[in-house]
Amino acid sequence: MINELGHFTLILALAVAVVQTVVPLIGAQKGWRGWMAVADPAATTQFLLLAISFAALTHAFVVSDFSLKLVWANSHTDKPMLYKVTGVWGNHEGSMLLWVLILSLFGAAASWFGSALPPRLRARVLAVQGSIGVAFLIFIVFTSNPFLRLAEPPFNGQGMNPLLQDPGLAFHPPFLYLGYVGLSMAFSFAVAALIEGRVDAAWARWVRPWTLAAWIFLTIGIAMGSWWAYYELGWGGFWFWDPVENASFMPWLLAGALLHSAIVVEKREALKSWTILLAILAFGFSLIGTFIVRSGVITSVHSFASDPKRGIFILAILGVFLGGALTLYAARAGAMQAKGVFSMVSRESALVLNNILLAVAALVVFVGTIWPLVAEMAFDRKLSVGAPFFDQAFTPFMVILALVLPVGSLIPWKRAKLGRSLRNLIPALVLALALGGLAWAMETGNSLLALIATFLGAWLVFGAATELWLRAARKPARLLRLPRADWGKATAHGGLGITFIGVGLLLAGQVEDIRVAQIGERFGVDGYEITLNSVNDVQGPNYTATRAKMTVTRDGKPIATLYPEKRVFPVQRMPTTEAAIHAGFWGDVYLVVGDPQDNGGYAVRTYIKPFADWIWGGAILMALGGLLSLSDRRYRVAAGARKAQLSAHHATPAE
């Protein structure tokens, strides 16, 4: 009965999404307030219906209802309860239901918190959001229905991919979807503005909080995925440039560009056309990511599905929305004339450079990701584009971005004197050079990578601190009275600097040791003494494991006792590696136990990872900075602009 209710509310949500799309759009065009008002209850109703449907599917997973084909294919009675719940979105059909649930949540939130929006714009935004829901609900109902039944329910299921049975990956997809789908709001605002033919400072203030929220969720989701890959897969890396990793990274880069571009629209009434284009492309790349993950056109360990029919359907959705929005953009481009004029040396110019660097970096990642597919289709050649290409093609743009960020944050709007701003940054430059030199001197082999990464990271951190100091007029008492948006900006930029330092020092200084170790044997790696004390078989809730006990000492002092494992999941007949990590402020000791060897020993891999946790610490700071900015009322709502909005609503479109 509950399953039928979930199926029924899913179909009913599709009908409501159609109403949300058609009626408010007609009402906005005709000026009928009653029809425009339909958008608000429709958005809320669609969300409630999809919430019921998702709750019904979750119930089926929790109680192991194997009459549902999806539960049978992705769950098992022996699975821990956490993974029964997360199994709801650990598959194609369930994850798509979560996708549309989040989409409807953002639409409902725009209705709940959008009272300051002019009625026409709000109706059009919610109608565009509803149209995206229509497309994906049709996709779910007709190609990916999670409520398909089995005529003869089996006694048990096939289980879930063991790699997904991990707390880090359990919560990684929802955060990514919140980011992916959150960019749909920027897209809806952009299309609604194109329909109206007006983009102004108030529009930028409305679109920035939604974009910022999506960027925060993407930051958290990408960081969680990187952290999971680091400790779960046993290879010791944090980023593989996998196509699906890239699929989330590209919208993150474009969302960052959109955030900075919207600042120029808000402050200076410039870059209107470019900001609209970024809003379209950011969500467009989210749709491209959905296509990559679910079509099977690119091989990836993260792929959900490999059904070409589903891929064609998603490609059609991508073509309709991205192609339609770009066509509308081309038709309306002349109506979005910029008002602000600025010189080559100004904050506007710095933000333009910021946008170019982020957009071109995203394009580089896109080309590297999609090129194997193009080569196979056009030239019948099997190619693999790996980390060397991305490292060499992507890194220079990030280096330039790090160099210009502190300078761009300090120079005035419209017209500036570069020398004055640079003088204020001299202390930051000196400190950054000193830390870079220290890293170069202390790193084994005097690595140039350590010098550059530490200098750039410190330059970002001290540059952000300098900006706060100057905004407080060089008076410490005023620091706490600065707007939260100022603190958020500095925290995010500083977090990026911390990540730069972590990535550079880890890559420059990591040590790897692979050997066969006997029980009781002690061996040294980069100043640490490691002993393989014992290896035992243990029984987990739904797996068997070979668990090693290993002690780590340094200069005779105990550091940690670690328990790496090699697990086998009998239902899926699949092994996994569970690394044991001693995490420290200055670095990690990373241990992996492998298979038994013919001589009685065990394969053991040891990694020393300096500053590894700084990578994710920086990501946390970036997300925290976004949250601080979002908590500033000036950015959360269009404060002080309602009168201007209402008067602009009655004026004839001019921009």
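Just so it is clear, none of the values below were taken in a lab; they were calculated from the coordinates. Only a predicted model underlies this, so the values are computations on that prediction, with no experimental measurement involved. When we count neighbours, we look across all protein chains shown, and the Cβ atoms used for this are built from the backbone with ideal geometry, even at glycine.
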Problem - aspartates and glutamates with Cα under 19 Å of residue 382, excluding same-chain neighbours fewer than 8 positions away - result: 242
Completion exercise
With x for Gly and Pro, the residue-by-residue ³J(HN,Hα) of the range 356-365, computed from phi through the Karplus equation 6.51 cos²θ - 1.76 cosθ + 1.60 at θ = phi - 60° and given in whole Hz, is 4, 5, 5, 5, 5, 4, 4, 5, 4, 5
Practice task
Using per-residue counts of other Cβ atoms within 10 Å, averaged over each peptide, order 534-540, 315-321, 40-46 from highest down.
Solution key: 40-46, 315-321, 534-540
Exercise for the section: Go through 109-120, 126-137, 10-21 and give me the packing order, highest mean Cβ count within 10 Å leading. Expected result: 126-137, 10-21, 109-120
Handout entry: Stokes-Einstein translational diffusion, the range 137-212 - Kirkwood Rh over all Cα pairs, 0.692 mPa s, 37 °C, in µm²/s
Key = 197
Practice task
Output the pairs from 267/414; 489/609; 267/489; 272/414 with a Cα-Cα distance over 20 Å in this structure; if there are none, say none.
Solution key: 489/609
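Show that you can apply the helix-only estimate: for the chain, add -39,500 (n - 2.57) for every DSSP H stretch of four or more residues, divide by all residues, and state [θ] at 222 nm to the nearest 500.
Result for the chain, helices only: -22000 deg cm²/dmol.
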Practice task
With an 8 Å cut-off on Cα pairs and a minimum separation of 6 or more residues, tell me the relative contact order of the chain in percent.
Solution key: 12
Completion exercise
Using alpha carbon positions and the Kirkwood radius, the Rg to Rh ratio of the range 167-414 is 0.98
Handout entry: Ordering of 505-517, 613-625, 422-434 by burial proxy (mean other Cβ atoms within 10 Å per residue, highest first)
Key = 613-625, 505-517, 422-434
Problem - Check: the chain dipole with +1 on Lys, Arg Cβ and -1 on Asp, Glu Cβ, in debye - result: 3080
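For the range 169-313, what is Rg from Cα atoms divided by 2.2 N^0.38 Å, rounded to two decimals?
Compactness ratio reported: 1.13.
Please give the direction-averaged projected area of the C-alpha convex hull for the range 357-426, in square nanometres with one decimal.
Working: hull surface 26.0 nm².
Value for the range 357-426: 6.5 nm².
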Practice task
Give the Kirkwood hydrodynamic radius (Å, one decimal) of the range 323-382, defined as one over the mean of 1/r across all pairs of different Cα atoms.
Solution key: 15.1
Problem - Distance histogram for the range 448-593 (every C-alpha pair counted, 10 angstrom bins, percent rounded to whole numbers) - result: 10, 25, 21, 19, 15, 8, 1
Problem - HN-Hα J in Hz across the range 276-293 - Karplus 6.51, -1.76, 1.60, θ = phi - 60°, x for Gly and Pro - result: 4, 4, 4, 4, 5, 5, 4, 6, x, 6, 5, 5, 4, x, 4, 5, 4, 5
Exercise for the section: Compute the separation of the alpha-carbon centres of the range 108-138 and the range 434-497 and state it in Å as a whole number. Expected result: 40
Handout entry: When the convex hull of its Cα atoms is projected in every direction, mean area for the chain (nm²)
Key = 32.4
Practice task
Using +1 at the Cβ of each Lys and Arg and -1 at the Cβ of each Asp and Glu in the range 511-612, identify which of 514, 524, 594 lies farthest towards the dipole's positive end.
Solution key: 594
Problem - Dipole of the range 167-414, positive end: most advanced residue of 395, 287, 168 [Cβ charges, Cα centre] - result: 287
Handout entry: For the range 511-612, alpha-carbon Rg and Dmax in angstrom
Key = 13.8, 45
Practice task
For an R0 of 56 angstrom, estimate the FRET efficiency from the Cβ-Cβ distance between residue 595 and residue 415 and round to the nearest 0.05.
Solution key: 0.25
